[in-house]
1. Within region 73-93, track down each residue that is of a type in the set (A, V, I, L, M) and at pLDDT 95 or above.
2. Any residue in region 1-20 that is open to solvent by 80 Å² or more (accessible area, probe 1.4 Å) sitting within a Cβ distance under 9 Å of a residue that is of a type in the set (Phe, Trp, Tyr) and at pLDDT 85 or above? List the pairs, counting only those 6 or more apart or interchain.
3. How about region 51-77: which of its residues are open to solvent by less than 50 Å² (accessible area, probe 1.4 Å), closer than 18 Å to residue 113 by Cβ and of a type in the set (A, V, I, L, M, F, W, C)?
4. Hey, residue 102 hits all of (1) modelled with pLDDT under 95; (2) of a type outside the set (Lys, Arg); (3) over 20 Å from residue 122 (Cβ atoms); (4) in contact with a Leu (Cβ under 7 Å, 6 or more places away or on another chain) but one; which does it fall short on?
5. Under 7 Å between Cβ atoms, at least 6 apart or on separate chains: pull out the pairs that start in region 77-89 with a residue that is in contact (Cβ under 8 Å) with a residue 60 or more places away in the chain and end on any residue that is of a type outside the set (Lys, Arg).
6. Please determine, by comparing only the residues of region 36-50 that are touching a helix residue (DSSP H, G or I) at 6+ places or on another chain (Cβ under 6 Å) and at pLDDT 90 or above, which one is surrounded by the most Cβ atoms within 10 Å (Cβ to Cβ).
7. Restricting to region 88-100, name every residue that is under 15 Å from the mean Cα position of the chain (by Cα), open to solvent by less than 50 Å² (accessible area, probe 1.4 Å) and of a type outside the set (Ser, Thr, Tyr).
Amino acid sequence: MTELGPPVRRAGPGRLLLRLDPHERRILASLVAELRGELEDPESAEPAGALARLYPPAFPDDPDAEAAYADLVLADLVETRRDRASVVAATLDAVELDDAQAAAWLGTLNDLRLVLGSSLHIEDGDEPTP
């Protein structure tokens, strides 16, 4: 029988307990593996790519400024996302996370939320149907 309560709770300063069942961990492992694969494909960050929602245009009306901005920051943004996803992949079986690992989990879960929402054609502001 599964213990009731939140799947994540504070275990003390700088520590969180992570209680996920094996099925949830397998699903997350699969999603994180897919995200990591997409992060390795430079075309995924393109406007029509799978990860486009993670990299919205900073200058949508100015292609030159957008290209210059992307040259400056895109590689760092992708690397940060790769690093976070790697932390999550390495700690998928953990029962306790430190604050840095928990921050990586939060960032990666948000990335997954955006990518899944995009693939399901869910836009910001969409109202859930009852």
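1. If we filter region 73-93 for residues that are of a type in the set (A, V, I, L, M), which is where we start, we get 73-75, 77-78, 85, 87-90, 92.
Within region 73-93, 85, 87, 88, 89, 90, 92 qualify.
2. From region 1-20, no pairs qualify.
3. 51, 52, 54
4. Checking residue 102 against (1) modelled with pLDDT under 95; (2) of a type outside the set (Lys, Arg); (3) over 20 Å from residue 122 (Cβ atoms); (4) in contact with a Leu (Cβ under 7 Å, 6 or more places away or on another chain), the one that fails is (1).
5. Between residues of region 77-89 that are in contact (Cβ under 8 Å) with a residue 60 or more places away in the chain and residues that are of a type outside the set (Lys, Arg), the close pairs are 88/32; 88/104; 88/105; 88/108; 89/32.
6. So in region 36-50, the residues touching a helix residue (DSSP H, G or I) at 6+ places or on another chain (Cβ under 6 Å) come out as 36, 38-39, 44, 49-50.
When the remaining residues are screened for being at pLDDT 90 or above, the result is 36, 38-39.
Numbers: 36: 16, 38: 19, 39: 22.
Per the stated criteria, the residue is 39.
7. Listed by number, the residues that qualify are 88, 89, 92.
The values are calculated or read from the model by the stated rules, or taken from the named source; none is laboratory data. Given the structure is predicted, the values throughout are model-derived calculations rather than measurements. With ideal geometry, Cβ positions are generated from the backbone for all residues, glycine too; neighbour counts draw on all protein chains shown. Quick note on the areas: whole protein, heavy atoms, side chains included, nothing else; ligands and nucleic acids left out. Shrake-Rupley method; radii C 1.70, N 1.55, O 1.52, S 1.80 Å.
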